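Chemist: Sharing a structure, written as structure tokens. Questions coming.
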Amino acid sequence: MEKSKTSKRFPSVWGSIFLGLLVIGTVWIIWNQRDVPYQTDEGFIFGTTYKITYQKSDNLKTGIEAELKKVDNALSMFNEESIISQLNQGSTDIPKDEEGQMFTDVLKLALEVSKNTDGAFDITVGPLVNAWGFGFKSKSMPREQQVDSIRQFVGYQMITLNTQDSKLTKKDPRILMDCSAIAKGYACDVVARYLEKQGVSNYMVMIGGEVVTKGINPTRLPWRIGVTKPEEDTIGWNQENQTVLNVTDKAMATSGNYRNFYYKGGKKYAHTIDPATGYPVQHSLLSATVLTENCATADAYATAFMVMGMERARKLLEKHPELLVYFIYTDEKGELAVWFSPSLKDKIEE
């Protein structure tokens, strides 16, 4: 009987020893990291700025910029030699290299999000964006006939990706793809993966309004990112935060209508175009922030929610609990109000 009691005690003893070693190992790692400096690299990509902070003895900017260049070569509309530019100009072949794989990965995700959102996210909406004056062309007011004409070659369903042959087929040669609503998020993911391959366990990657974080910041605290208060500010001087989120070990993207807009004939036109109608959206949602496991997904859904508006977005979220959101909108009185996923509550720092 005594022997039986002793044998039952062994698992508990070994468990305690293992736990003790785990704690000691964790403390040892943190202690050794205490003197490792944080690096901060800044630059310009995809028509916006980037800022990357990471804990590493040596600087990795050269490697980081090499990764960003690959993404630029795959997805940038500003790069006439990029894969997406070549495909927009009539090519059907996707290169069988790393950059070609990047384009393929992004296109597959874009088509998946398009399907999940009933086309609210659509990388072929670019010609409509340009027609309304938010793309590469000057501001103009398109006529109804022009909008209807453009809508004939806008639609993600008209793109077919053949991954086996690395070919892209378009039902209409006038179809133009624009990955600007997902590329910055994807670039954040690419840089994050590069940092982890270099042994970095504490970092923040920020490109435009898209962010990926891991570990702790230079003050040994969780990473905290502000969500900008949506006030009309085309220049971007207003940086007042609506709230601050703890986004450690998460990816975050924000899309909004409060900076990119213009007035014509006394009416405000926001830059978010609904692919289904061809017109700028008209609803109460001002800003959509999405947190999830990778930034490309967060980026795409943030854009989709700005097209969908509050009601449709909340219905979609019932099917996608992995997406945490923070919405800022105008209520019936015209005042700012917020709605967020219940599971996001413990990440909000007022």
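The values are calculated or read from the model by the stated rules, or taken from the named source; none is laboratory data. The shown structure was predicted, so the numbers you read here are calculated from the model rather than taken from an experiment. Using ideal geometry, Cβ is built from the backbone for each residue, glycine included, and neighbour counts are taken over all protein chains shown. Side chains are part of the model used for accessible areas, which takes the heavy atoms of the whole protein and leaves out ligands, DNA and RNA. Shrake-Rupley method; radii C 1.70, N 1.55, O 1.52, S 1.80 Å.
Okay, residues lined up against (1) of a type outside the set (Gly, Ala, Ser); (2) in contact with a Ser or Thr (Cβ under 9 Å, 6 or more places away or on another chain); (3) assigned to a loop (DSSP other than H, G, I, E, B); (4) open to solvent by 60 Å² or more (accessible area, probe 1.4 Å):
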position: Gly309; (1), (2), (3), (4): no, yes, no, no
position: Arg312; (1), (2), (3), (4): yes, yes, no, yes
position: Leu316; (1), (2), (3), (4): yes, yes, no, no
position: Pro321; (1), (2), (3), (4): yes, yes, yes, yes
position: Ile328; (1), (2), (3), (4): yes, yes, no, no
position: Ala337; (1), (2), (3), (4): no, yes, no, no
position: Asp346; (1), (2), (3), (4): yes, no, no, yes
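Chemist: Okay, moving on. Quick test of your reading of the structure: Leu128 fulfils all but one of (1) open to solvent by 30 Å² or more (accessible area, probe 1.4 Å); (2) within 24 Å of Thr297 (Cβ to Cβ). Name the failing condition by number.
Modeler: Unmet for Leu128, out of (1) open to solvent by 30 Å² or more (accessible area, probe 1.4 Å); (2) within 24 Å of Thr297 (Cβ to Cβ): (1).
Chemist: Among all residue pairs at least 6 apart or on different chains, which show Cβ distances below 8 Å where the first residue, located in the stretch 285-304, is in a strand (DSSP E or B) and the second is among the charged types (D, E, K, R)?
Modeler: Val290/Asp299; Leu291/Lys250; Leu291/Lys347; Thr292/Lys250; Thr292/Glu322
Chemist: Continuing with this model, one more query. Considering only residues that are of a type in the set (A, V, I, L, M) and in a loop (DSSP other than H, G, I, E, B), look in the stretch 87-136 and name the one that is nearest to the chain's Cα centre (by Cα). It would help to see each step written out before you state the result.
Modeler: First pass over the stretch 87-136, keeping only residues of a type in the set (A, V, I, L, M): 87, 94, 102, 106-107, 109-111, 113, 120, 123, 125, 128-129, 131.
Filter once more, so that each one left must be in a loop (DSSP other than H, G, I, E, B): 94, 120, 123, 125.
Details: Ile94: 24, Ala120: 16, Ile123: 14, Val125: 18 Å.
By that ranking, first place goes to Ile123.
Chemist: Hey, can you tell me all the residues within the stretch 193-222 that are under 17 Å from the mean Cα position of the chain (by Cα) and without any contact (Cβ under 8 Å) to a residue 60 or more places away in the chain?
Modeler: Result: Arg193, Gly209, Thr213, Lys214.
Chemist: Can you tell me which of Asp97, Asp122 is at pLDDT 90 or above, closer than 21 Å to Met308 by Cβ and open to solvent by 10 Å² or more (accessible area, probe 1.4 Å)?
Modeler: On the way: Asp97 fails: closer than 21 Å to Met308 by Cβ.
Testing whether each residue is at pLDDT 90 or above, closer than 21 Å to Met308 by Cβ and open to solvent by 10 Å² or more (accessible area, probe 1.4 Å) leaves just Asp122.
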